[in-house]
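Sharing a structure below in structure tokens format, with a few things to ask.
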Amino acid sequence: SFTAGERGSQRTGRFESPQVLLSACLSCDGCVSEEESLKISQQNLEEVERVLENNKKCDVSKHKVLVASLCPQSLPFFAVKFGLDISDAALKLCGFLKSLGVQYVFDTTLAAGFSILESQKEFIQRYRRRHHDSHALPMFTSSCPGWIRYSERVLGSLVTPHICTARSPQQIMGCLVKDFFSKQQKLSPDQIYHVVVAPCFDKKLEAVREEFCNSLLETKDVDCVLTSGEIYHLMEQKKVTVKDLDSVPLDPVIGEAVDAVLVRHEGRGSEGFLEHVFKHAAKELFGLEVHDITYKTLRNRDFQEVTLERDGETLLQFAAVYGFRNIQTLVHRMRKGRVPYQLVEVLSCPGGCLSGRGQAESEAGGRVDKALVQQMEDSYSSLPVHLPELSPALQTLYQDWLQGQDSSQACTLLHTHYRNQGQTC
């Protein structure tokens, strides 16, 4: 196993077939089967343009409704490139996508809210059974596909029982679009072509997992993942400037269109699972309100821990572990049974999701553009923080779409499973 930086850049060109990085990479390309490689290579700009062209030529009954979902971590990239604040950049990006023929543009914050709430609930359940279930803790977060692939293919049973079963924001968004939204629009899921704009190439790999595909309808929850960089290259190719673009509001997943304010979750550039679960657990398990979280840096900025103490006693100890080398350290400690944490937020990109190679790589390629990342972090942190527990839309969807928070429907659509696939790398 070695990092993408160690074996050279696999940067995706404007219309070249995208190659999976396994996020700066947690395992060699042997982890990707030929079938997966084919499905991943089909997630490109040419494929989206093919769908758009077919809409112009074919009978209306065969039209695909194009839906684009924007990851919040992609928006700071466009804010920096456009020289705008993040909210204005989102309007311009929406305007560009709709000028291409995309009918609906959502942001995935709502889906991330579901993922956070389900992760919080699962952590509490795991914590309460920790004494009679050796696999209950630590719980590892599950939103990073590079980490998931490495866990399934290389680490196996050492790690997979510990991975949170809540689906990632991307794949919950896939369910929202192909299940909830399609029913609202009186469409079959295969009549919708769903594109996700993400900061990371590895999200293409996540989109082709079997459990996120409907073999009967030959459709996937997410049909195509395009990176922020790929979208920006398309703008460059079409010679579109920011001034040329209309500012168009994003569409609401639920309810009437309003001038919604973009929000983010806790955390310094990812979805903030650690911070949300930490605060929730402190209150739920110990009756303690935590307002500010203090990170203690251990090996480096990408290996930090957070501790909850009361009267000198350590009640909770969580860690944020980003990047391959830090993950290797974590795995080494896991093998020796020396992981003191109840939860670990694991991301394979050093610096977290904002540093995804689909948007943070320098123009020369191969290296992360640190100045760009710093600008993106500043832009992202300017968004107001919103607690998913306080979202009326989430509560409405739990009832109207999922028939309750603990229903079988919620379990099926908001969770998945991870399996040991043998050491093929």
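The values are calculated or read from the model by the stated rules, or taken from the named source; none is laboratory data. Please read these numbers as outputs of a predicted model, since none were measured by experiment. When we count neighbours, we look across all protein chains shown, and the Cβ atoms used for this are built from the backbone with ideal geometry, even at glycine. SASA here: full protein model, heavy atoms, side chains in, ligands and nucleic acids out. Shrake-Rupley method; radii C 1.70, N 1.55, O 1.52, S 1.80 Å.
Tell me the Kirkwood hydrodynamic radius of segment 177-335 in angstroms, computed as one over the mean inverse distance between distinct C-alpha pairs.
In segment 177-335 this quantity evaluates to 20.2 Å.
Which percent of the Cα-Cα distances in segment 138-196 go past 19 Å?
Percent of Cα pairs beyond 19 Å in segment 138-196: 45.
Let me ask something else about it. Using a 1.4 Å probe and counting only protein heavy atoms, arrange THR241, THR219 so the residue with the most accessible area comes first.
Of THR241, THR219, the descending order of accessible area is THR241, THR219.
If you stretched the chain out fully between SER157 and ARG268, how much longer would it get, using 0.36 nm times the residue separation minus the C-alpha to C-alpha distance?
36.9 nm
Run lengths n ≥ 4 of DSSP H only: what is the helix-derived mean residue ellipticity at 222 nm for the chain, with -39500 (n - 2.57) per run over all residues, to the nearest 500?
-10500 deg cm²/dmol
While we're looking at this one, here's another question. Anyone know which of LEU414, LEU354, LEU288 comes out most mobile in the 10 Å Cα GNM of the chain?
LEU288
About its Cα centre, what dipole magnitude does segment 302-425 give when the only charges are +1 on Lys and Arg Cβ and -1 on Asp and Glu Cβ, stated in debye to the nearest 20?
Once rounded to the nearest 20, the dipole reads 760 debye.
Kindly report, to the nearest 10 Å², the accessible surface of THR165 as traced by a 1.4 Å probe over protein heavy atoms only.
40 Å²
Quick one: which residues, 5 or more positions from THR219 or on another chain, have an amide H under 5 Å from its amide H? H modelled 1.01 Å from N in the peptide plane, none for Pro or chain starts.
Excluding prolines and chain starts, which carry no amide H, the hits are ASN214.
How far, in nm, would the chain grow between GLN328 and ASP311 when pulled straight, counting 0.36 nm per residue and subtracting the alpha carbon separation?
Result: 2.8 nm gained on full extension.
If you rank LYS183, LYS239 by how much accessible surface each has, with a 1.4 Å probe, what is the order from largest down?
LYS239, LYS183
Rounded to the nearest 0.05, what FRET efficiency do ASP292 and HIS63 have when you use their Cβ-Cβ distance and R0 = 45 Å?
0.35
Helix 109-128 versus the longest principal axis of the chain: what is the Cα-based angle in degrees, 0 to 90, to the nearest 10?
The angle comes out near 20 degrees.
Need the C-alpha centroid separation for segment 350-420 versus segment 276-307, integer Å.
Each part's Cα centre sits 19 Å from the other's.
Oh, and also: Compare the Cα positions of VAL261, GLN374, GLN342 along the charge dipole of segment 235-379 (+1 at Cβ of Lys, Arg; -1 at Cβ of Asp, Glu; about the Cα centre) and return the one farthest towards the positive end.
Value computed over the given set: GLN342.
May I ask for the angle, rounded to the nearest 10°, between helix 273-286 and the longest principal axis of the chain, with both axes built from Cα atoms and the value confined to 0 to 90°?
The angle comes out near 40 degrees.
Debye calculation, C-alpha points only, no solvent: report log10 I(q)/I(0) for segment 359-418 at q = 0.14, 0.18, 0.21 Å⁻¹, in the same order as the q values.
Once normalised to I(0) and log-transformed, intensities are -0.69, -0.74, -0.80.
While we're here: Between ASP190 and GLU46, what is 0.36 nm times their sequence separation minus the Cα-Cα distance? Round to one decimal in nm.
The span from ASP190 to GLU46 would gain 49.9 nm if fully extended.
Heavy-atom accessible area of HIS132 with all protein chains present, probe 1.4 Å, nearest 10 Å²?
HIS132 has an accessible surface of roughly 150 Å² with all protein chains in place.
Roughly how tilted is helix 324-335, in degrees to the nearest 10 and between 0 and 90, from the longest Cα axis of the chain?
40 degrees
Further question: Report SER408's accessible area, 1.4 Å probe, all protein chains in place, as a number in Å² to the nearest 10.
100 Å²
When all C-alpha to C-alpha distances in segment 71-207 are sorted into bins of 5 Å, what percent of pairs does each bin hold, rounded to whole numbers?
Pairs per bin, as whole percents: 2, 9, 15, 16, 18, 15, 11, 8, 5, 2, 1, 0.
A follow-up question, please. Given the options ASP251, ASP311, ASP400, state which has the largest fluctuation in a GNM of the chain using a 10 Å cut-off (strictly under) for Cα springs.
Highest fluctuation of the listed residues: ASP311.
At 1.4 Å probe size, put GLU47, GLU284, GLU230 in order of accessible surface, largest to smallest.
GLU284, GLU47, GLU230
Separation between the LYS239 and ARG419 pseudo-spin-labels, each 7 Å from Cα along Cα→Cβ, expressed in nm?
Result for the modelled spin labels: 5.2 nm.
Between SER37 and ILE124, what is the label-point separation in nm under the 7 Å Cα-to-beta-carbon projection?
4.7 nm
Give me the mean projected area, in nm² to one decimal, of the convex hull enclosing the Cα positions of segment 255-391.
So the Cα hull casts an average projection of 11.2 nm².
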